[in-house]
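The values are calculated or read from the model by the stated rules, or taken from the named source; none is laboratory data. Predicted model only: the values in this text are computed from it and were never measured. For neighbour counting, all protein chains shown are included, and Cβ atoms are generated from backbone atoms with ideal geometry for every residue, glycine included.
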Amino acid sequence: MLIPHFTRYIWAIGPSGSGKSTWAKELGLPILETGSWVRSWHHTEATTEELSFTTIECLGKDHRYFSKLIKFNLKKIDAKGVIVGVRNPIDFIDHFDPHLDGIVRFIGETKSEFEKEGLSAIDGIISFMLRTGIFNYSNYKSYDL
């Protein structure tokens, strides 16, 4: 699998179970698993729907709750790293830099309305940046695994 050009972070974006985390571990870079916070609040067999419900509850109280967690945890990554599992377009907009970052978009079936709508919005942002030249095609890869 080809890796996009990047100088800071690779964003592994896609639905639950699409292979993002497995792929990221193979790179040998520091990984920020953005879905790990909500998963840690649930039992190990929690469904994507349950995790999405908790996420929406948090975002309803503070729409930048997870963005703040991402900002804090990115301080632990010195240089290059992989950000896995962002599904909230606000988190993506707050931290993605089209001049420094790359994206690997994993295609697969979404498992909740939150995933579907969040990934659709992020795809729209990525498409806008690619089509306007803000983000370079050499920094983007898409895989249907």
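For Gly133, indicate whether it is under 19 Å from Thr7 (Cβ atoms) and of a type outside the set (Val, Ile, Thr).
yes
Quickly run through the stretch 98-110 and pick out the residues that are over 13 Å from the mean Cα position of the chain (by Cα) and surrounded by fewer than 17 Cβ atoms within 10 Å (Cβ to Cβ).
Residues satisfying the conditions are His99, Leu100, Glu109.
Can you confirm whether the stretch 58-71 contains a residue that is within 16 Å of Leu145 (Cβ to Cβ) and surrounded by 15 or more Cβ atoms within 10 Å (Cβ to Cβ)?
No.
Tell me whether the stretch 41-62 contains one or more residues that are part of a loop (DSSP other than H, G, I, E, B), closer than 18 Å to Val86 by Cβ and either touching a strand residue (DSSP E or B) at 6+ places or on another chain (Cβ under 6 Å) or at pLDDT 90 or above (or both).
yes
Show the residue pairs that are 6+ apart or on different chains and have beta-carbon atoms under 6 Å apart, the first residue being within the stretch 75-95 and touching a residue at least 12 places away in the same chain (Cβ under 8 Å) and buried (at least 18 other Cβ atoms within 10 Å of the Cβ), the second being among the hydrophobic types (A, V, I, L, M, F, W, C) and in a loop (DSSP other than H, G, I, E, B).
Qualifying pairs under 6 Å: Gly81/Leu29; Val82/Leu29; Phe92/Val86.
Filter the stretch 93-127 down to residues that are in a loop (DSSP other than H, G, I, E, B) and farther than 22 Å from Leu74 by Cα, then give me how many there are.
5
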